[in-house]
Amino acid sequence: MSKKEIILGIDLGTTTSEACIYISKSKLKMIHNDDNDDIIASVVGFDDLDKAIVFGEEAEDTKHPIFEVKREMGKNVKLTLGDTKVTPEVVSAEILKYIKKYSEESLGEKISRAVITVPAIFNIKQKEATMKAGEMAGFKVARIITEPTAAALAYCLENTEKEEFVKVMVYDLGGGTFDVSIGEFNNGVLQILGGDGDNQLGGGDFDRLLCDYICDDFQKQHGIDLRDDIKTSIKVLKKAKKAKETLSTRKKVLIKEGFMAVKNGKTISLDMELTRETFEDMISEKLESTREAIQKALKGAKLKADDIDMVLLVGGSTRIPLVKEIVKDEMGQKPRSDIDPDRAVSMGAAIQGAIITGACDAVIMDIVNFSFGISAVVDISGQDVPGYYSVIIPENSPMLKEFSKKYYAVRDNQEEVMLEVYQSNKKESFFAADQSLLKEYKLKGIPPAPAGKESVTVKFFYNLNGTMDVTAIIDSTGKEAKLT
Ligand code: ADP
Ligand code: MG
C-alpha cells in the first residue's frame, strides 16, 4: 500500500508552539518531544556550557533567553543568541528546526513539508518572514494559513461536506496576545470579515498579577519583598502560573514552597491558599476589556452577535472559567471549547496539510469563486453564434482539478483558432464580451480538413496559488500550447 506523505501542522505561537499530524478524520496526533510534552514554550536560548542552542524550559534558564520572538517577525531587528546577533527569522527557524527534529524522531520518518499558522493580522512581510523561517528550518512550506482559519478547520472537520456558509467568531486568548476574528467559513476557507484584539494581553499578565498578589501577601506577613531577588521572583512567577492553571479546573489551590527566604537565621516558607474567586477578581478587569474587542470586531464585520453561528475558543487562557462566562454573556451563546484550546490551531494546520496531500478528501479545500471559459462559436437552433461564453470551470468548483472540453473546427480548412480565456463577471450573460478577458492566444497548425472534423481539447487547471494553467491540444497531431 502506498503511504501518503505527511505534512506537519505547526502552530508557531508567541508563547507556546505545537505540532500535529492528521491520521484520519477522527484522529489527529499531537507530536511529543523527548520530555513527552506536546506544548513547548517558544523560548530559545544558548547554553554556554554545551555551546548549544536550547529550547523551552531549558532555554528559560539560560543567560539571555529569547521570549516571544513572534512579535519581532518581519521587523528589521537583531537579537542576541549566544555570541551572535541574529534576525527574528533565524530564531523562529531554530524553533521550527527543533520541532522538525523531535517530530521526525517521534514519527520515525523524515518530514519535508509543513503548514505553518500565523495571526490573522500578520501582514505580507510577517508572513514572508514566517515562510522564510520555515525554509531555513529545512521545511518546504506547503502553506501559511491564519490561526482562526486553522481553528475553524479543526472545529468544522466533521461538517465540512456541508456546502453552507457558517459565520464563525474565533476568540483567541493566548499567553501574550488576544485576537478576535469574525469570518464566514465555507468549504474550508475562512473569509475574515472583521477582527480586533490587544497584542499586549494574555496569560502572562495574569501570571504577573497573581505573582504580585503572592508577593504582597508574603511581605505583609514577613516583611520581606520576594521581588527583590530576581531568582526568587522567577520562582514565584512559575508558582503563580501553575496555580493559575490549576484554578481553571479546581476551586482552590495551595501555593507552597519549602524555602523562600531567611529571617533572623530562620528559613521561611511560602504557604498560601487561593480560591478561584480571589484569582478571578484579580483578572476580571482585564477580561472585561475583551468585550469591547468583540463588539468592535462585530461592527467591523457588519454583524450582530445573533448572526454568529459558532463561537470558538482557542488559546490556553480560554481555559479560565471566567473567560467562558464573559464570552457567553457577550455573545448570547455558549462558546465551543470541546477541542483543546491550546492544540486546536496546530490540529487545523495538520488538517490543512492532509487536504493538500489528499489524505483528507472529504473537504473541498479551496473553491474557485468564478467560472472560467473561452469564447466559442456555438450552434443555437441551427445558427452559428460566435462570441459565446463556453464555461470550462464552473463557478464553485474545487481547485486542483482539471477540467477540459473539446471544440471542433467551424470552417473548412480552418488552420488556426483564437483562444480567448475569460473569467466570469457574475453577470447573467452567455456572451464572452460580458466577461473579463484574461489572456488570448492564437493556436496555429490545425491540419486542413472539412469543418467539424478537426478538434482541439482545452484543459483548465486552477492552482492553489491563484494562477491557472491552460493547455490546448490539437487532437489529431498532439500539438500542444500552454499558457498560464
Ligand atoms: P500562544 O498562542 O500565545 O503561544 P497559548 O495559546 O498556548 O499561547 O496559551 C498559553 C497561555 O495559556 C499561557 O499563559 C498559559 O499559562 C495559559 N494556560 C494554559 N493552560 C491553562 C489553564 N489550564 N488555565 C489557564 N491558563 C492556561
Ligand atoms: Mg496561539
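The values are calculated or read from the model by the stated rules, or taken from the named source; none is laboratory data. Bear in mind the structure is a predicted one, so any value in this text is a computation, not a measurement. Counting neighbours? That spans all protein chains shown, and the Cβs are built from the backbone with ideal geometry, glycine included. To get the accessible areas, we keep the full protein, side chains included, count just its heavy atoms, and leave off ligands, DNA and RNA. Shrake-Rupley method; radii C 1.70, N 1.55, O 1.52, S 1.80 Å.
From the square roots a ≥ b ≥ c of the eigenvalues of the alpha-carbon gyration tensor of the chain, which class results: rounded (a/c under 1.5), prolate (a/b over b/c), or oblate? Since a/c reaches 1.5 and a/b is larger than b/c, the shape of the chain is classed as prolate.
Around the Cα centre of the chain, unit charges on the Cβ atoms of Lys, Arg, Asp and Glu (plus for the first two, minus for the last two) sum to a dipole of about 380 debye. Near residue 237, once Lys and Arg are set to +1 and Asp and Glu to -1 for all other residues with Cβ below 9 Å from its Cβ, the sum equals +4. Full extension of the chain segment joining residue 34 with residue 191 gains 52.7 nm, where the gain is 0.36 nm per residue of separation less the Cα-Cα distance. Take the solvent-accessible surface of the protein heavy atoms, probe 1.4 Å, and return the percent of it on the chain that carbon and sulfur atoms account for. So the carbon and sulfur contribution to the accessible surface is 48 percent. Among the listed pairs 70/302; 251/334; 220/266; 125/286; 401/444, those with a Cα-Cα distance over 19 Å are 70/302; 251/334; 125/286; 401/444.
Relative to the present Cα-Cα distance, how much length would full extension add between residue 229 and residue 124 at 0.36 nm per residue of separation? Please list the in-between numbers first.
Numbers: separation 105, 0.36 × 105 = 37.80 nm, distance 4.25 nm.
Full extension from residue 229 to residue 124 adds 33.6 nm.
Straight-line reach only, C-alpha to C-alpha below 18 angstrom: list the lysines that residue 110 could link to, leaving out same-chain residues fewer than 8 apart. Within the straight-line limit of under 18 Å, residue 110 reaches these lysines: 3, 4, 29, 97, 100, 101, 140. Over the chain, what is the percentage of antiparallel beta bridges among all DSSP beta bridges, to the nearest 5? Antiparallel: roughly 85 percent of the beta bridges in the chain.
Using unit Cβ charges (K, R positive; D, E negative) and no other charged atoms, how large, in debye to the nearest 20, is the dipole of region 271-348 about its Cα centre?
My answer is approximately 520 debye.
To the nearest 500 deg cm²/dmol, what mean residue ellipticity at 222 nm is calculated for the chain from DSSP H runs of n ≥ 4 alone, each contributing -39,500 (n - 2.57), summed and divided by the residues?
-9000 deg cm²/dmol
Can you work out the FRET efficiency for the pair residue 302 and residue 267, with r the C-beta to C-beta distance and R0 = 51 Å, to the nearest 0.05?
0.25
Using +1 at the C-beta of Lys and Arg and -1 at the C-beta of Asp and Glu, which of 194, 137, 348 has the Cα lying farthest in the positive direction of the dipole of the chain? Going by the charge dipole, the pick is 137. Taking all protein chains together and a 1.4 Å probe, the residues 67, 218 rank 67, 218 from largest to smallest accessible area.
Between the alpha-carbon centres of region 206-243 and region 279-349 there is a gap of 29 Å. Fully extending the segment from residue 288 to residue 68, taken as 0.36 nm per residue of separation minus the present Cα-Cα distance, adds 76.7 nm.
List the relative contact order of the chain as a percent without decimals, with contacts defined as Cα pairs under 8 Å and 6+ residues apart. Contact order relative to length: 13 percent. Charges were assigned to the Cβ only: +1 to each Lys and Arg, -1 to each Asp and Glu. The resulting dipole of region 374-461 about its Cα centre is roughly 280 debye. Ranked by the mean number of other Cβ atoms within 10 Å of their residues, highest first, the peptides 86-97, 281-292, 17-28 fall in the order 86-97, 17-28, 281-292. Ordering 278, 297, 310 by Cα displacement along the dipole of region 263-312 toward the positive end leaves 297 in first place; charges were set at the Cβ atoms of Lys, Arg (+1) and Asp, Glu (-1). Each residue of region 126-141 was assigned a 3J(HN,Hα) from its phi angle through the Karplus curve 6.51 cos²θ - 1.76 cosθ + 1.60 (θ = phi - 60°); the sequence is 5, 5, 5, 4, 5, 4, 5, 4, x, 5, 4, 7, x, 8, 8, 7 Hz, with glycine and proline shown as x.
Volume per residue of the convex hull around the Cα atoms, evaluated for region 1-103, comes out as 125 Å³. For residue 252, a cut-off of 15 angstrom between C-alpha atoms picks up these aspartates and glutamates, skipping any fewer than 8 places away in its own chain: 271, 273, 277, 280, 281. The alpha carbon centroids of region 63-84 and region 33-56 are separated by 15 Å.
Residues of region 278-319 with backbone nitrogen within less than 11 Å of a virtual label 7 Å along the Cα-to-Cβ line of residue 329, please, listed as ranges. Hits in region 278-319 for residue 329 at 11 Å: 284-285, 287-289, 291. Computed over protein heavy atoms with a 1.4 Å probe, the accessible surface of the chain works out to 50 Å² per residue.
Between residue 58 and residue 430, the simple label model (points 7 Å from Cα in the Cβ direction) yields a spacing of 7.1 nm.
Rounded if a/c is under 1.5, else prolate if a/b beats b/c, else oblate: with a ≥ b ≥ c from the C-alpha gyration tensor eigenvalues square-rooted, which is region 269-364? It is oblate, given that a/c is not under 1.5 and a/b is not larger than b/c.
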